[in-house]
Amino acid sequence: MLEKKLKEIINNYEMIVKGIDKKATVSNDRAYGGVIRSGKGTLVEDMAKSLVEIAWDTVLKQDVNRLYMNKSKINIGIKEGYEKRIRNEETKKYVIDNKDSLFYKFGTDVHVYIDEELVIPIECKAYTENAMIKRILFDAVLMKEAKNIDKYFLLQLESQLGGDYSSLNPVILGSASTHALISHVDIDLEIITLLEGERKVDKPIHKNEFYKPLKIES
C-alpha cells in the first residue's frame with residue numbers, strides 16, 4: 001500500500017513536469033514563465049499534502065479525521081516595544097492608538113493541523129537558493145512568534161543552495177551559506193530535496209532533455 005501511494009505521487013510528478021512545457025507554450029491567458037512557476041508550485045504543494053497524509057494514515061496508522069491541512073493566513077501583530085523605536089510622534093501615537101488592529105497576515109504553503117492544532121508549517125518550492133532562504137527564515141520566525149512552533153519545513157524539488165542538499169544522502173551536511181543564514185535565527189529549518197543534482201538555470205527539468213526522474217527512495 002505504501003509503495004503504491006508513493007508511485008501515485010511519482011506518476012503525477014511525471015505527468016505534470018513532462019506536460020507543463022507544452023501547456024505553457026500554447027497558453028493564451030498567461031505568460032510562459034507564469035504557467036511554469038504556477039504549475040510547479042502547485043505540484044510541490046500537492047506532493048507535500050500527499051506525503052503528510054501517507055505518513056499519518058499509512059505509516060503511523062492514525063485516524064485521518066484528526067488531520068487536516070490548509071494555507072489560511074495567520075495574523076501577526078505589533079511586537080511589544082515597537083512603538084518606543086518610532087521617532088515621529090504622530091506616527092507613534094497612531095501605532096499606540098491602533099495597536100490592537102494592526103496586523104500582517106502571513107502564512108506558508110501548507111499548514112498541517114492535528115486535533116485542530118497547527119503542528120507543521122511546510123514551505124513548498126520548485127527550487128530554493130539562499131536569497132529565498134532569508135525570506136523563508138523570517139516567515140519561520142513570525143510563525144514561532146505567532147504559534148510557538150520552532151520547527152519549519154522546506155520541501156523543494158531541486159536545490160540551488162550549494163553543498164550536498166541535492167545529493168539525497170541519508171545525512172545532509174548542508175552548505176556554508178545556508179548554515180550561516182540559519183545560525184542567525186532560533187529556528188530548526190528542515191530542508192527536504194526530492195530530485196538529485198544541483199539545479200541548473202539553463203537546464204530546466206520541464207524540458208525533455210533535462211528531465212529528472214523522481215525516485216521512490218527520495
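Listing for the model above:
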| quantity | calculated |
| --- | --- |
| FRET efficiency, 1/(1 + (r/R0)^6) with R0 30 Å, evaluated for SER183 and ILE86 via beta carbons | 0.50 |
| Burial ranking of peptide ranges 58-67, 206-215 (average Cβ count within 10 Å, highest at the top) | 206-215, 58-67 |
| Nearest-20 debye value, the chain charge dipole, Cβ charges on Lys, Arg, Asp, Glu | 620 debye |
| Inter-site label distance for TYR104 and VAL59 at 7 Å from Cα along Cβ, in nm | 3.3 nm |
| In order through region 2-7: 3J(HN,Hα) via Karplus (6.51 cos²θ - 1.76 cosθ + 1.60), integer Hz, x for Gly, Pro | 4, 5, 4, 5, 5, 5 |
| Gain in span if fully extended, LYS93 to TYR113, counting 0.36 nm per residue against the direct Cα distance | 3.4 nm |
| Carbon and sulfur %, accessible surface of the chain computed with the full protein complex present, 1.4 Å | 52 percent |
| Peptides 77-90, 119-132 ordered by average Cβ neighbours within 10 Å, highest first | 119-132, 77-90 |
| Interchain or long-range residues, amide H under 5 Å from LEU214's placed H | none |
| Angle between the chain longest axis and helix 32-53 axis [Cα atoms, degrees, rounded to 10] | 90 degrees |
| Distance between region 98-151 and region 167-191 - C-alpha centres, whole angstrom | 17 Å |
| Using alpha-carbon coordinates, inclination of helix 130-147 to the longest axis of the chain, degrees | 60 degrees |
| Karplus 3J(HN,Hα) series, Hz, for region 58-65 with 6.51 cos²θ - 1.76 cosθ + 1.60 (x for Gly, Pro) | 7, 7, 7, 6, 9, 5, 5, 6 |
| Accessible area in square angstrom per residue, region 38-180, 1.4 angstrom probe | 56 Å² |
| Debye log10 I(q)/I(0) at q = 0.14 Å⁻¹ for the chain, Cα point scatterers | -0.98 |
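The values are calculated or read from the model by the stated rules, or taken from the named source; none is laboratory data. Values in this document were obtained by computation on a predicted structure and should not be read as measured data. FYI the Cβ positions are ideal-geometry reconstructions off the backbone, even for glycines, and counts take in every protein chain you see. Surface areas here come from the heavy atoms of the whole protein model, side chains and all, with no ligands, DNA or RNA. Shrake-Rupley method; radii C 1.70, N 1.55, O 1.52, S 1.80 Å.
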